[in-house]
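Worksheet: the structure to be examined is printed underneath.
Every read-out reported here was derived from the displayed coordinates using simple, explicitly stated rules and does not represent laboratory data. Note that the structure is a prediction, hence the values are computed from the model and not measured. Note that we place each Cβ from the backbone using ideal geometry, even for glycine, and neighbour counts take in every protein chain shown.
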Amino acid sequence: MEMKYDHVSYLTLLAVSTLLADMDLGKMIHCDIAKFGFDSYLAVTNALVDMYAKCGKLEDSVKVFVNMKARDIVTWNTIIAACVRSENCSLGLRMTNGMRTEGVSPDVATMLGILPMCSFLAAKRQGKEIHGCVLKFGFETDVPIGNALIEMYSKCGRLEDSVRVFKCMKMKDVVTWTALISAYGMYGEGRKAFRAFLEMEATGVYPDHVAFVAIIFACSHSGLVDEGLACFDRMKKDYNIEPRIEHYACVVDLLSRSGHFAKAEEFILSMPLKPDASIWGSLLSASQAHGDIKFAERVSEQIIKLRSVDPGYYVLISDVYAALGKWDQVRMIRKSIKARGLKKEPGCSWMEIRNTVYVFGTGDECFEQFEEVYKLLGILAGFLAKEGYVANLQFVLHDVEEDEKRDMLCGHSERLAIAFGLLNTKPGIPLQVMKNLGVCGDCHTVTKYISKIMQREILVRDANRFHLFKDGTCSCRDHW
């Protein structure tokens, strides 16, 4: 007797293929669904959108979505979540606009899908609009919504708004407190983060392993070594939380960022867990930033032994050898990266001016007004020299002449963004730049000078934290 399937059967099969992330099985099921006409069921097409997204095929997910004859709130939430999962936040925001155009009212799940996109893009305007929707639809009492708003505002350069949302929340959980502690940490407000941690405990909320990562990170980026170590010790002693590899990495970062390289190395060697590339990478990055290149070279050897698949560590190692002038080793590392199929994420920066987002790549000459931008950077170079600036050529990782190295530094993406912002905003207006990688030491120095020369506040968010440049100083106090 032949078994007949109904739409519920196909929903079950799709759930299995989604759970297993089995693309081939999912496609076979999709073919049968189309063949037998079950794609007329809304629940089935919603499940198809979700299946393709969770199998890493956003393009196929969007194709199903576009061809759907009917959509409901579940459909929109699913495609928005798919965009977030694939880190295609620009598409996600367009989908959000499409949802609004079709007159579909959002629910809590919609908001929890949209807010992380605003965080990722640092889209302040859209974030404020979503906050308005939260208030309009009465979602402000939902704790996860409040938590997402704290994170969104902090990543959009609006720490004061993060704190305001936190204070307005009547109910707070450990995620709420952790979001606030993380926000303070990103802005170098370690003292405030530490006070928030103690206040959380005083209210009877127990920190979890994520909260301990947040507080040790905050202490690390503010030079609060004793406080950070005390928090690490209390994890197991007071809360019976077994430290994970990320906690050990934070402690190594805490020690090495403050120049305690010997203590950091001793800590690594005493760990009960086998140190991975993230552990040695923290020590490498800090020792390089502090100029202890010989120590950094020794740490590099440890990372090479681990054969990490993260190209970022090999870029750091390449930096070290370049600073030592060992160009043969630099070429060897680069060949190794290429041979193993690893790809370094290209540096880029972006900024929003009058509701338009402008993106700049390192060495980019294809953006609007690029000739004016490079001309302004040339003019600024003269003012910088008068202020005593000398280019730090160790941040150029190519074996070229010094003049060419200076030109390469001038083309770093954050400098292009800052110059573009200076050209396209009124004098005195603060600038805000987002960057996908860490700010290099030379650009950090240059931005301090520009903030003084041009009398501008410049807020830069890099991969780790915010830097507020004002009157020739940075909020990180050169401790990043």
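Cβ-Cβ distance of L19 and S90, R₀ of 41 Å, FRET efficiency by 1/(1 + (r/R0)^6): the value works out to about 0.90.
Taking 32 Å as the limit for the C-alpha separation, the pairs K57/K326; K192/K435; K263/K305 exceed it in the case of K57/K326.
Taking a quarter of the surface of the Cα convex hull of region 245-344 gives a mean projected area of 5.8 nm².
Computed extension length for V143-A339: 65.8 nm, one decimal, from 0.36 nm per residue of separation with the Cα-Cα distance subtracted.
Per residue, the Cα convex hull of region 14-156 amounts to 103 Å³. Spread over its residues, the convex hull of the C-alpha atoms of region 114-200 is 76 Å³ per residue.
Other residues within the sphere of radius under 14 Å centred on the Cβ of A43, judged by their own Cβ, net out at -2 (K and R +1, D and E -1). Under a 5 Å amide H cut-off, with hydrogens placed 1.01 Å from N, C348 pairs with N436, L437 among residues at least 5 apart or on other chains. Spherically averaged projected area of the convex hull of Cα atoms, region 282-338: 3.4 nm². Spacing of the modelled spin labels on T362 and K69, each 7 Å from Cα toward Cβ, amounts to 5.3 nm. The stretch between A381 and E59 holds 111.4 nm of extra length on full extension. This uses 0.36 nm per residue minus the Cα-Cα distance.
DSSP beta bridges confined to the chain are antiparallel in about 80 percent of cases. In terms of other Cβ atoms within 10 Å, H467, H247 run from fewest to most in the order H247, H467. Each of K27 and R331 was given a label point 7 Å from its Cα along the Cα-to-Cβ line. The distance between the two points is 4.3 nm. Rounded to the nearest 0.05, the FRET efficiency derived from the C-beta distance between D233 and E372 at R0 = 56 Å is 0.55.
For Q432, nonlocal amide neighbours, meaning residues 5 or more places apart or on other chains whose placed amide H falls under 5 Å from its own, are L459. What's the local net charge at P346, with K and R +1, D and E -1, over the other residues with C-beta under 12 Å away? Net charge in that neighbourhood comes out at +1. Given the C-alpha centroids of region 252-271 and region 361-386, what is the distance between them in whole angstrom? Cα centroid of region 252-271 versus Cα centroid of region 361-386: 39 Å apart. Taking Cα centre as origin and charging only the Cβ of basic (Lys, Arg, +1) and acidic (Asp, Glu, -1) residues, the dipole magnitude of the chain rounds to 420 debye. The mean sequence distance of close C-alpha pairs (under 8 Å, at least 6 residues apart), as a share of the length of the chain, puts its relative contact order at 8 percent. How charged is the neighbourhood of I73? Take every other residue with its Cβ under 15 Å from the Cβ of I73, and add Lys/Arg as +1 and Asp/Glu as -1. After counting each charged neighbour, the total is -2. In plain terms, the chain from D276 to I353 could stretch by 23.6 nm, reckoned as 0.36 nm per residue minus the Cα-Cα distance. With the convex hull drawn over the C-alpha atoms of the chain, the volume per residue is 192 Å³.
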